[in-house]
Amino acid sequence: MGKGEAIMAAADTPLLMLNAPLVATRLGYPDLSGLDLLELYAFVYPARFLVPTPKGLAHALGLPEPASEDAVPALLQAAANALLERCEAPDWPEREGAWSALQSLIRMRWPWAGPLTARIARPERAERWLFSRLPEWEDAPERPQPAQVLLYEDEVREQLAALTGEAAEQRPGQRAYAAEAAHAFAPRQREAAPHVLLAQAGTGIGKTLGYLAPASLWAQASGGTVWVSTYTKALQRQLRRESRRVYGGARPDGSQPVVVRKGRENYLCLLNLEDALQGGFGGRAAILAQLVARWAGYTQDGDMIGGDLPGWLGTLFRQRGITSLTDRRGECVYAGCPHYRKCFIERAARASAQADIVIANHALVMVNAARGRDAAQRPTRIVFDEGHHVFEAADSTFAAALTGAETIELRRWVMGPERGSKGRRRGLAARLADLASYDEAGGKAIAAACHAAEALPSDGWLQRLVEGAPSGPLEELLAAVRATVYARDESGGQEAGYGLETEAAQLEGPFVEQAQAAREALAALRQPLIRLGLRLEALLTEPPDWLDGPGRARIDGARHALAWRVDLLAGWEALLDRLGGPADPAFVDWLAVDRSDAREFDIGLHRRWLDPMRPFSQTVLEPAHGVMLTSATLKDGHGGSGGGSGDDGWDAAVARSGAGHIGVSPRLSAFDSPFDYAAQAEVLIVTDVPKGDMPALAAAYARLIEAAGGGALGLFTAIRRLRAVHGRIADRLARAGLPLFAQHVDPIDTGTLVDIFRDDPRASLLGTDALRDGVDVPGHSLRLVVMEQVPWPKPSILHRARRLAGDGAGNGIGRGRGSAHDDRIIRARLAQAFGRLIRSRDDRGHFVVLSSAFPSRLLSAFPAGTPIHRLTLDEALQRVGGRVSADGVAIGNSA
Ligand code: SF4
């Protein structure tokens, strides 16, 4: 049937469907609702993985795969039956809690409640409440400091052989890499001078087990912990799998040798969940809370973002539902929380203190090094995998943003919810209620902070700014920022709908005065917070009678939360202080209005370090003993023709390690990929798709995907063009049985999009930056990568400043520092994107760039020996369609 008929049918009767929001988007009918099988699956099988497609559903339920589109409706019916029948089976492992959850869901009129009622019998004994079912964590004694050990090459090799298994293929590159990685774990010779190792390992070296071999050996011999840090969730998942395989299960004492540790905003906060279950959430969000509660009873570690909570669950409801169940705003009351002893966050923190290997991400490692709650838990041996992203991670970790969204968050953290807002959110006074009532000095400091926080933006600030009626010194400053940014906009409306920015320079007197008034208001808030922090410290040193054990733990938690807000305020003040005066060359400052789809969503001032590796070197490197940065693309270029920066490709990587700031020369090593790129891959530079010609660009994508029969990853540098191409070709490809998915179009999270893509060799996926190096799809599912153009860096103010500074890498030879800087960025992006294509020895594929003027100096981005052709689209289609042999002779019919 046509779209119109389908909409009518769905409006009349609740239909059985799979992923209602996706169906709604495809039909262009946002209000679609019905019996969504994904919701039923989440109820019946909480915490179990599912690729949310008909094929994925069939696999998960042990049903036959649908042979064609026509077979899908019958499959959905069979799947519904299978799921409902499961609830009647006596051996249903997820039975506990189902009946109670269903009673709530019946009251909420969940569409599945009716069909389930007859299937789920009332248990003979009353079910335990979720919060009493969850296990408690246990305190463990503090570990002594790690012993100083030397790792010998033979031991490392033996360990590697043990990890890879006797039958594993011999990989000489991996053995050499593992021996090299061991150097990062040697005893430190000088204070504040860690071993820093930069190791490039081409795809296929097996670097994960390569560094896990010395890391695990060191951890066992020394009794210490190695932090392994990734940038993407995909690698984190892979590491979790590999390291669990290496280590097996828990130790004899029940503790875990490998622990995944994330930022607290990733985990379910049980107190928030309890609040949501007891009326804090209404409508559809209340149903989500019930399904999350089902999951909470069965999850491995409570990780809601990238853990075992299905990534698609949030998008079935509303993403904010998931985020408001985490502890995003730092409102944790620690030992004052009734669920403290069961809290997932506390459990993960304790488990990681006992672990051999902690798997984390770059941001968390940096935040922990900068302001970890427990100094003994700060990472000292760190392997940064995806090391080429450490610079970016440091850039955002050490940034300051004085914006409306940030300041209103702080106001709420201090003052609590505004009138009329729902939920359990509480301000400082409520979180420290005992202090406020029993301790005079503490109480006064809290009251003064609440009073000072009134100067910060409040609900409706953005609207007031747009209407020209700002209230208070901060809103007035933001209004001035907004006015300045629009006044200086050079795009002539071209950039309508996207973010705007201007330098924080040549600002007029009234602007500077407003900035000073705002700075004073921030300082007036910082002072009582400092006083409060000192008071808390004094209470911990000499605890009064009214302060019990849990109270102490709570105050300790509050002290840390306070300390970093004091730092935050100091950073903002420093940023405002310098406006109107001379610029500080260590920083880049600018004003911005953030917009998305023509809607303003944030306004403010931003500050970045010109070289974020400076603070990184002081907070992360200096206290560490051994740090390794590894990646397939650490160096610049592969030493092929025409590129590089004149050195052997290491200069920029060394500068971007931060080691120079603490006077350390890193140890450098590179291991080439064992893959035969000459036989496995081809780079095709298509020269006849004119830049800016949208119909031609879309047609090129459609024809390339058709020629490859799907299995294509399309990479874009602008969301706008991605959407335009998707809009033009999705229907055409669907009719040819070639499903097309896209980031920023389909209401599906990125991780799930990649799962869908991996699972269906005929599917293709369009995306932006996150897909350029977060996708690990070995095999036939990914056989074509198409880049819409040369991935030039976005010409932002920050980029211009770093370009002028030559990135501090000193690699401005010949063509001027700025161009060398840009070239290096582009080569790195090309190398990362190319790296998606060939993931194993058996992979084959084409890498296509649509560019009529692809500079030769960028070609060294590709591994040496990879065949590169400049050709027309028609010629490229012949190659992609397998109609041309490797030596260029047509071997089949022409298109
Ligand atoms: S201890 Fe904090 S994060 Fe954990 S459940 Fe309680 S309030 Fe939430």
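The values are calculated or read from the model by the stated rules, or taken from the named source; none is laboratory data. Just so it is clear, the model here is predicted, and its values are computed rather than measured. Virtual Cβ from ideal backbone geometry, glycine too; neighbours counted across all protein chains shown.
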Taking interchain pairs and intrachain pairs at least six residues apart, which have beta carbon atoms under 7 angstrom, with the first residue in the stretch 260-271 and more than 19 Å from Ala335 (Cβ to Cβ) and the second within 12 Å of the ligand (Cβ to nearest atom) and in a helix (DSSP H, G or I)?
-> Arg261/Ala348
Identity of the residue in the stretch 257-280, away from the ligand (no atom under 16 Å from the Cβ) and buried (at least 19 other Cβ atoms within 10 Å of the Cβ), that ends up nearest to Ala363 (Cα to Cα) = Val260
Matching residues, the stretch 281-298, being crowded, with 19+ Cβ neighbours inside 10 Å and either without any contact (Cβ under 8 Å) to a residue 12 or more places away in the chain or within 13 Å of the ligand (Cβ to nearest atom) (or both) | Ala296
Quick one: which of Leu364, Leu325, Leu410, Leu432 is surrounded by 23 or more Cβ atoms within 10 Å (Cβ to Cβ), touching a residue at least 24 places away in the same chain (Cβ under 8 Å) and touching a Lys or Arg at 6+ places or on another chain (Cβ under 9 Å)?
-> Leu432
Listed by first then second residue, the pairs whose first member lies in the stretch 526-554 and is farther than 26 Å from Asp567 by Cβ, whose partner is outside any helix (DSSP H, G or I) and at pLDDT 80 or above, with beta carbons under 8 Å and at least 6 positions apart or on separate chains, are Pro544/Asp439
Look through the stretch 486-509, keep the residues that are surrounded by fewer than 11 Cβ atoms within 10 Å (Cβ to Cβ) and at positive phi, and return whichever of them is modelled with the highest pLDDT.
-> Gln506
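Working only within the stretch 183-204, note down all residues that are in a loop (DSSP other than H, G, I, E, B) and at negative phi.
Passing the criteria: Ala186, Pro187, Arg188, Gln189, Glu191, Pro194, Gly202, Thr203.
So, in the stretch 338-350, how many residues would count as being more than 8 Å from the ligand (Cβ to nearest atom) and hydrophobic (A, V, I, L, M, F, W, C)? Quick ask: steps written out before the conclusion?
Looking only at the stretch 338-350, we keep the residues that are more than 8 Å from the ligand (Cβ to nearest atom), and these are 341, 347-350.
Then drop every residue that is not hydrophobic (A, V, I, L, M, F, W, C), which leaves 348-349.
Number of matching residues: 2.
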Please enumerate the residues belonging to the stretch 427-445 that are closer than 19 Å to Ala521 by Cβ and either under 35 Å from the mean Cα position of the chain (by Cα) or outside any helix (DSSP H, G or I) (or both).
-> Gly427, Leu428
Exactly one of (1) in a loop (DSSP other than H, G, I, E, B); (2) closer than 24 Å to Ala405 by Cα is unmet by Pro582. Its number?
-> (2)
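Condition check ((1) of a type in the set (D, E, K, R); (2) under 23 Å from Ala504 (Cα atoms); (3) at pLDDT 95 or above; (4) in contact with a strand residue (DSSP E or B) (Cβ under 6 Å, 6 or more places away or on another chain)) across all residues:
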position: Gly442; (1), (2), (3), (4): no, no, no, no
position: Ile446; (1), (2), (3), (4): no, no, no, no
position: Ala449; (1), (2), (3), (4): no, no, yes, no
position: Leu456; (1), (2), (3), (4): no, yes, yes, no
position: Gly460; (1), (2), (3), (4): no, no, no, no
position: Pro473; (1), (2), (3), (4): no, yes, yes, no
position: Leu477; (1), (2), (3), (4): no, yes, yes, no
position: Val481; (1), (2), (3), (4): no, yes, yes, yes
Residues satisfying the stated conditions in the stretch 684-728, i.e. buried (at least 23 other Cβ atoms within 10 Å of the Cβ), assigned to a strand (DSSP E or B) and touching a Lys or Arg at 6+ places or on another chain (Cβ under 9 Å) | Leu684, Val686, Ala712, Leu713, Leu715
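Consider Trp99 carefully, then state whether it is surrounded by 12 or more Cβ atoms within 10 Å (Cβ to Cβ), in contact (Cβ under 8 Å) with a residue 60 or more places away in the chain and of a type outside the set (Lys, Arg).
Values: surrounded by 12 or more Cβ atoms within 10 Å (Cβ to Cβ): yes; in contact (Cβ under 8 Å) with a residue 60 or more places away in the chain: no; of a type outside the set (Lys, Arg): yes.
It is false that Trp99 is surrounded by 12 or more Cβ atoms within 10 Å (Cβ to Cβ), in contact (Cβ under 8 Å) with a residue 60 or more places away in the chain and of a type outside the set (Lys, Arg).
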For Glu94: the one exception among (1) touching a residue at least 60 places away in the same chain (Cβ under 8 Å); (2) not in a loop (DSSP other than H, G, I, E, B) = (2)
Subset of the stretch 299-337 (residues that are away from the ligand (no atom under 13 Å from the Cβ) and more than 21 Å from Gln236 (Cα to Cα)) | Thr315, Leu316, Phe317, Arg318, Gln319, Arg320, Gly321
